[in-house]
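These notes concern the structure reproduced below.
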Amino acid sequence: MQLLPTATSTDVQKQQPRVAVLPVGSFEQHGKYLPLITDTAIACVIAQEMAAAYPVHLLPPITISCSHEHAAFPGTVSISARTLYAVIDDIRASLARSGIHKLVIVNGHGGNYVLSNVVQEANVDGPAVSLFPLGLDWDRAREHGGLASDRHADMHAGEVETSILLHAAPELVREGYADADHDGGARPFLLMHGTGNYTESGVIGFPSLASAGKGKAILESLTGDFAEHLRALGEAAVPTTPDADGHIHNPVIDRLRTVDRSQASRRFGGTVLAWQLSRCSAPTTSPFPSLCRRLWNTVRCSRVPGWSSSSWTFSAIRQTRTSVI
């Protein structure tokens, strides 16, 4: 699999993304059949799926993080929580200097508790950083994929992680997962005594239940849920699609580029929704506030050439009854 993004500076200039996606993995044991880079690989797979579906700037992964609970197992390497915090803080500052002020952290390692504090502090003055996937995102993905285990029982190197890699990077999965199931129990003192106190193999979960089909379904579910995180950041969640030449297009934005800037209309169920682009604040009053806000966020996200982002808005949406054409 390809862990690193291969976009050029020109690609980013053309796309003009407003949101960056940062995969955060780890370098820690995952039993005898999954590699030390498992969390990094999974974070990258998820982030790549999101970048393929939405107009975001994909960053290379942070490959070493807070894996101290696995320190008893050979090969595991960690950095401190304060170092991880500082690295992400520096990345955010660099992104801001380049005009990207929103960040989604795709976390592949459950032990990176400090990431919740990063997000908590970053959003004091308004939505700026999201952590993905959240527990609810994983629960929906498990349900969509038909997984038999739950998040607690299947904590490490189990059904979900093995399934994702069987689908996205089967070359990373070695033999032995079919008979490696282990129930780690309640684990009340995991952070005090470490993973080794609850498993000799390093596995806590049910990898024997894994399949590539489940992994594919998990990623499909996460791709859909990612849109909610973009919307929570105040950004448009409009998927992008490449053309035959590999150029990325957003169908909504492509249509908006062709309409008159002062007046536009669109047929909608026997009515015409007319809106006007003008210089004022974001829409707060409208017969169709939800639609108005989505359209405005879409335009604001796209940076349509020649339109000032500070002045884009839909000042009104008015419905005009017309004959069905």
Asp90 paired with Asp179, simple spin-label distance in nm, labels 7 Å along Cα-to-beta-carbon: 4.7
What does the charge count around Cys66 come to, taking other residues whose C-beta lies under 13 Å from its C-beta (Lys +1, Arg +1, Asp -1, Glu -1)? -2
Taking a crude spin-label model, label points 7 Å out from Cα along the C-beta direction, the His152 to Glu171 distance in nm is 3.9
Taking Rh as the Kirkwood radius computed over C-alpha pairs, what is the Stokes-Einstein D of segment 9-232 at 10 °C in a medium of viscosity 1.306 mPa s, expressed in µm² per second? 89
Could you go through segment 170-179 in sequence order and give the Karplus-derived ³J(HN,Hα) for each residue, using 6.51 cos²θ - 1.76 cosθ + 1.60 with θ = phi - 60°, rounded to whole Hz, and x for Gly and Pro? x, 5, 8, 9, 8, 5, x, 6, 5, 10
Find which of Ala227, Thr195, Gly176 sits farthest along the positive direction of the dipole of segment 158-240, computed with +1 on the beta-carbon of Lys and Arg, -1 on that of Asp and Glu, about the Cα centre. Ala227
Pseudo-spin-label distance Arg187 to Ser98, built 7 Å along Cα→Cβ, given in nm, is 3.5
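Counting Lys and Arg as +1 and Asp and Glu as -1, each charge on the Cβ, what is the dipole of segment 1-77 about the Cα centre in debye, to the nearest 20?
Roughly 180 debye for segment 1-77.
Hey, what D do you get for segment 122-229 in µm²/s if you plug the Kirkwood alpha-carbon radius into Stokes-Einstein at 25 °C and 0.890 mPa s?
164
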Placed amide H near Val21: partners under 5 Å, 5+ positions off or other chain: His57, Leu58, Leu59, Val104
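Taking only the Cα atoms of segment 132-180, how large is their convex hull per residue, in Å³? Intermediate values should be presented prior to the final figure.
Working: hull volume 4.3 nm³, N = 49.
With only Cα atoms used, segment 132-180 gives 89 Å³ per residue.
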Just order 178-186, 6-14 by mean Cβ neighbour count inside 10 Å, highest at the front, would you? 178-186, 6-14
Positive end of the charge dipole of segment 24-105 (Lys, Arg +1 and Asp, Glu -1 on Cβ, about the Cα centre): tell me which of His57, Ser80, Thr40 has its Cα farthest that way. His57
If you average 1/r across every pair of different Cα atoms in segment 66-195 and take the reciprocal, what Kirkwood value do you get, in Å? 17.1
Expressed as a rounded percentage, what relative contact order does segment 9-232 have, with Cα pairs under 8 Å and six or more residues apart? 23
Under a point-charge model restricted to the Cβ atoms of Lys and Arg (+1) and Asp and Glu (-1), what is the dipole moment magnitude of segment 9-232 relative to its Cα centre, in debye to the nearest 20? 660
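Where a number appears in this text, it was derived from the coordinates with a stated rule and is not lab data. Predicted model only: the values in this text are computed from it and were never measured. In this analysis, Cβ positions are derived from the backbone assuming ideal geometry, glycine residues included, and neighbour counts consider all displayed protein chains.
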